[in-house]
Structures are given as structure tokens and as C-alpha cells.
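*Asks:* Please see the structure below; I have some questions.
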Amino acid sequence: MKKFNIILLTSTLVHLSLFAQTHTKIIDMHIHSYTESEFEGKEPDQDYYGNKGSKNAESHRLETFAAFEKFNIVKAMVSGNPESVENWVTKDSNQRIIRGILMYTPDDYDMDSVKFEQMVKDNKIEVFGETAPYYGGTTLSDSIWQPYLQICEKYDIPVAVHMGGEILVEHILGHQKQD
């Protein structure tokens, strides 16, 4: 009888797991898009396990869209330069993409607060992020970011901030990471 209960329990857990995987809807809030120029002259990066990344922007997009299907990702906040994000939106027949913008400095992409506000009004920016100001040597507390944050507050735009990184760790700890 114990063996039957264990088999029944295992079978039930497997079915519940499969049911959850097919019915769980995921919103991914950290996806990056790229243009072909960002891949030029570079070898694909490798992850910790030695798996190579995408060879170009289009294969990256296709692989990411396939992952959306595989893992039932129904919405995804995509950040990158405005051109790459719009490319993804135009190829997104399922309307999954939440438009973000990747910014290290307030003048990335020849941006200023007027252009930024117009992009918000035109729904070209739905999330202000991913922002990574420390890579540009600033913080969001610096006055140069305030016009953007005021626009976000005015239009109820969420702000996504990259909080870590080797540069920040080195600054805080006062030394370089050991390999």
C-alpha cells in the first residue's frame, strides 16, 4: 500500500507541476534588446557554463521570443536603445513588449528632457529603465537626472535601476575583484 501511495503522490506532483508550468503566466522585467552594430566585431559572450550567446541582434531577438513561448512569458519589459526596442515591438505579434530605454547618462541617444517627454507621450517609453547611472559616473540623486525623474512622476512612469556591478563593488570595497 505504501508503494502505491508513493507512486500516486509522485504522479500527482508531476501532473500538478506540468499544470502549473502550462498555466503560470510570467512577466519578465529585465530583458535587453540590441542593434546589429552592438554585435559588430565581437565574439559572442559565454555564460558561466561556457554556453555561447547570440551571434547577432536578430538571433538574440529570435532566441528571446522563443523563450517567451517556452516559459509562458506574457509580458516583458525590454530595455535597449530606442531603435532596438522599436524593432522588437514591430515584430511582437503577441504584444508582450513593455517599452523601456537603457540609459547610462542623461544624454544617451542624444536624449534631453524634451525628447524624453515626447517619447513618453508617444508611448515609446513605458518604463524609464533600465537606468545604470553609476556606469556613467553619476547617481539618480544627481541634478542631471532630475528632469527625467520629474517627467516619470508626472506621467506615472516606473523607474528601473540597475543596482550592482563590478565598478560599484570596486568603489565600495576599494579594490578590484579577484578572478
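Computed from the coordinates by the stated procedures, all read-outs in this text should not be read as laboratory data. Quantities reported herein were computed from a predicted structural model and do not represent experimental measurements. A quick note on method: Cβ atoms are made from the backbone with ideal geometry, for glycine too, and the neighbour counts reach across all protein chains shown.
*Asks:* Can you compute the modelled spin-label distance between Ser93 and Glu40, with each label point 7 Å from Cα toward Cβ, in nm?
*Replies:* The two pseudo-label positions are separated by 3.2 nm.
*Asks:* Given a cut-off of under 8 Å on Cα pairs at least six residues apart, what relative contact order in percent is computed for segment 42-99?
*Replies:* Once normalised by length, the contact order is 24 percent.
*Asks:* Mind giving me the FRET efficiency for Ser54 and Ser143? R0 is 35 Å, r the Cβ-Cβ distance, nearest 0.05 is fine.
*Replies:* With R0 = 35 Å, the Cβ-Cβ based efficiency is 0.40.
*Asks:* So, in nm, how far is label Phe71 from label Asn123 when the simple model puts each one 7 Å beyond its Cα toward the Cβ?
*Replies:* Between Phe71 and Asn123, the label points sit 2.6 nm apart.
*Asks:* Hey, another quick one. For segment 55-157, just list the percent of Cα-Cα distances falling in each 10 Å bin from zero outward, please.
*Replies:* Using 10 Å bins, I get a P(r) of 14, 45, 28, 13, 0 for segment 55-157.
*Asks:* What distance in nm separates the two pseudo spin-label positions at Asp110 and His23, each 7 Å out from Cα along the beta-carbon direction?
*Replies:* In this crude label model, Asp110 to His23 measures out at 5.2 nm.
*Asks:* Pairs Lys91/Lys124; Lys75/Lys121; Lys91/Lys154; Lys70/Lys121; Lys124/Lys154; Lys42/Lys121: which exceed 26 Å Cα-Cα?
*Replies:* From the list (Lys91/Lys124; Lys75/Lys121; Lys91/Lys154; Lys70/Lys121; Lys124/Lys154; Lys42/Lys121), the Cα-Cα distance tops 26 Å for Lys91/Lys154; Lys70/Lys121; Lys42/Lys121.
*Asks:* Here's something else I'd like to know. Using the Cβ atoms and a cut-off under 15 Å, what net charge is assigned to the surroundings of Glu40, where Lys and Arg are +1 and Asp and Glu are -1?
*Replies:* Residues near Glu40 contribute -4 overall.
*Asks:* Once R0 is set to 35 Å, what does the formula 1/(1 + (r/R0)^6) return for the Cβ-Cβ distance between Gln150 and Glu63, expressed as a FRET efficiency to the nearest 0.05?
*Replies:* 0.40
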